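What follows is a single structure, written as structure tokens, with notes after it.
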Amino acid sequence: MSLTNPPSSSGSLSRTRVGNLKRSLQATVDDAIESRKPGGYTSKVRVRDRYNIVGFISSGTYGRVYKAVGKNGKKGEFAIKKFKPDKEGETIQYTGLSQSAIREMALCTELSHANVVQLEEIILEDKCIFMVFEYTEHDLLQIIHHHTQPQRHAIPAPMVRSIMFQLLNGLLYLHTNWVLHRDLKPANILVTSSGAIRIGDLGLARLFYKPLNSLFSGDKVVVTIWYRAPELLMGSRHYTPAVDMWAIGCIFAELLSLRPIFKGEEAKMDSKKTVPFQRNQMMKIVEILGLPRKESWPGLASMPEYSQLQSLVLHRQPSHFHRGSNLEGWYQSCLKNGGYSSTSSAGTPGADGFDLLSRMLEYDPSKRMTAEQALEHPYFTNGGPISGNCFEGIEGKYPHRRVTQDDNDIRTGSLPGTKRSGLPDDSLMRASKRLKE
Ligand SMILES: Nc1ncnc2c1ncn2[C@@H]1O[C@H](COP(=O)(O)OP(=O)(O)O)[C@@H](O)[C@H]1O
Ligand SMILES: [Mg+2]
């Protein structure tokens with residue numbers, strides 16, 4: 001399969017469908033309420049009648065993910081995400097469904113695109129929700145990690161280009177359908193064994209089409225910090241699809257350098273639960289992009305954390321900051337260290353790659369490139385066809401996802417543990433960061 005042209009937005013949800021999506025969310029909530037009535041709900045389908053659990057994949061913020069295979073004639077491999085009831089204990093207390101589970105169910109039920117993870121079915125059983133997804137053998141965190149072992153070796157340029165093209169296709173689909181993802185990072189970008197990219201983990205996603213409430217909800221913390229857009233760090237209350245594009249820019253940089261480009265340390269919430277200014281994260285960005293300026297980002301001076309940004313400047317030697325952006329220097333040394341060149345076997349993302357990156361990592365969200373514009377960028381339109389299989393032409397195999405037998409009991413009633421297989425991911429730290437609305 002060859003993907004050369006930017007996708008049309010065919011298959012996009014119409015306004016009626018967006019209305020349906022909202023209604024289906026309401027129906028999910030109603031069902032949840034219904035299930036709380038004594039005797040009000042008995043499950044008809046049981047997970048273990050339909051799937052054999054192969055093992056445990058990951059323990060995340062809202063539950064656990066298991067690998068399974070279909071049974072009784074059902075073919076294929078699946079990943080089952082089990083959401084625990086909000087409260088569990090010796091005597092199970094049921095307090096309702098988490099906002100995250102409801103959103104993920106409502107959105108995944110409606111969305112259908114080759115670059116967004118495909119939901120197979122949802123099973124309600126014993127007051128737990130099981131979301132059954134197609135199984136994906138890899139994710140970008142795993143792939144990036146593999147390229148640092150045993151020593152660093154660059155991800156070939158055509159592979160990066162295919163990953164980015166598919167990722168942007170999936171994101172254009174989400175944005176065209178008024179869905180913000182809000183948690184794009186390598187661990188949430190799934191990759192099938194045939195090299196297809198699937199945007200996963202819609203647990204933080206939400207509609208932005210005429211939201212009933214402002215998207216700001218008193219808790220400013222949304223995206224995992226390294227991928228968090230500057231307008232969010234500056235306290236913006238009205239965020240837009242541009243926050244996802246910033247994260248995509250960070251992922252592009254990470255695919256090329258095999259390290260997070262802005263690896264800040266998170267300042268924790270204080271005891272009053274106020275979210276502090278993320279000074280360290282902002283500094284990491286400023287060190288590479290230079291200080292944001294009012295002239296090129298007119299909204300900057302009216303942002304809630306503007307005074308914090310100024311104090312950040314006062315406390316440092318002016319020479320500490322590059323006067324302008326040093327992104328080009330960063331990019332050139334990244335290409336050099338990775339061995340990317342037009343004569344190397346890895347190929348090179350070249351000058352077009354830099355131009356695209358700089359337009360995604362644009363401070364002003366209103367000037368930041370959109371997914372649609374990015375897909376038409378010379379990085380994609382020049383330089384031949386793009387494979388829909390990011391592994392095409394790649395020698396050697398990527399290791400399979402680690403599946404352990406530590407915990408095969410999908411129906412276990414205990415609280416989610418902290419054991420994780422696979423690679424470390426910061427999603428475990430995310431409980432406090434999930435948007436509370
Ligand atoms: N469809 C899938 N196939 C294989 N592994 C998956 C799948 N979905 C999720 N995973 C694995 O489980 C992890 C956690 O799932 P995710 O949906 O991101 O939930 P969380 O909200 O806990 O981050 C992912 O980072 C990935 O390693
Ligand atoms: Mg995740």
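Key figures for this structure:
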read-out: Packing-based exposure ordering (other Cβ within 10 Å, fewest first) of Val47, Val313, Val243, Val54; value: Val313, Val54, Val47, Val243
read-out: Using θ = phi - 60° and Karplus 6.51 cos²θ - 1.76 cosθ + 1.60, couplings along region 282-299 (whole Hz; Gly, Pro as x); value: 4, 4, 4, 5, 4, 4, 9, 9, x, 6, x, 10, 4, 5, 9, 9, x, x
read-out: Derived scalar couplings ³J(HN,Hα) [region 109-116; Karplus, 6.51 cos²θ - 1.76 cosθ + 1.60; whole Hz; x for Gly, Pro]; value: 5, 8, 7, 8, 7, 4, 10, 10
read-out: Exposure proxy order (Cβ contacts within 10 Å, fewest to most) of His377, His315; value: His315, His377
read-out: Cα-based shape type of region 52-134, given that a ≥ b ≥ c are square roots of the gyration tensor eigenvalues and the cut on a/c is 1.5; value: oblate
read-out: Across Lys44/Lys185; Lys81/Lys397; Lys74/Lys127; Lys67/Lys272; Lys67/Lys336; Lys82/Lys367, pairs whose alpha-carbon gap is larger than 29 Å; value: Lys44/Lys185; Lys67/Lys272; Lys67/Lys336; Lys82/Lys367
read-out: Positive dipole terminus of region 234-326, leading residue within Leu314, Ile285, Gly249 (C-beta point charges); value: Leu314
read-out: Cleavage-rule hits, GluC sites (Glu not before Pro), region 224-316, DSSP coil, Cβ neighbours within 10 Å at most 14; value: Glu265, Glu295
read-out: R0 of 22 Å, Cβ-Cβ distance Arg293-Lys263: FRET efficiency to nearest 0.05; value: 0.40
read-out: Dipole in debye (nearest 20) - region 52-134, about Cα centre, beta carbon charges: Lys, Arg +1; Asp, Glu -1; value: 180
read-out: Sorted by Cβ density within 10 Å, fewest first, the residues Cys334, Cys390; value: Cys334, Cys390
read-out: Amide H partners (placed H, <5 Å) of Arg46, local residues excluded; value: none
read-out: Karplus (6.51, -1.76, 1.60) ³J(HN,Hα), θ = phi - 60°, over region 179-190, in Hz, Gly and Pro reported as x; value: 10, 9, 7, 6, 9, 6, 6, x, 5, 9, 9, 8
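Here, each number is a calculation from the coordinates, and none is a lab measurement. Bear in mind that the values here come from a model prediction, so they are computed numbers and not experimental data. No Cβ is skipped: glycine too gets one built from the backbone with ideal geometry, and neighbour counts run over all protein chains shown.
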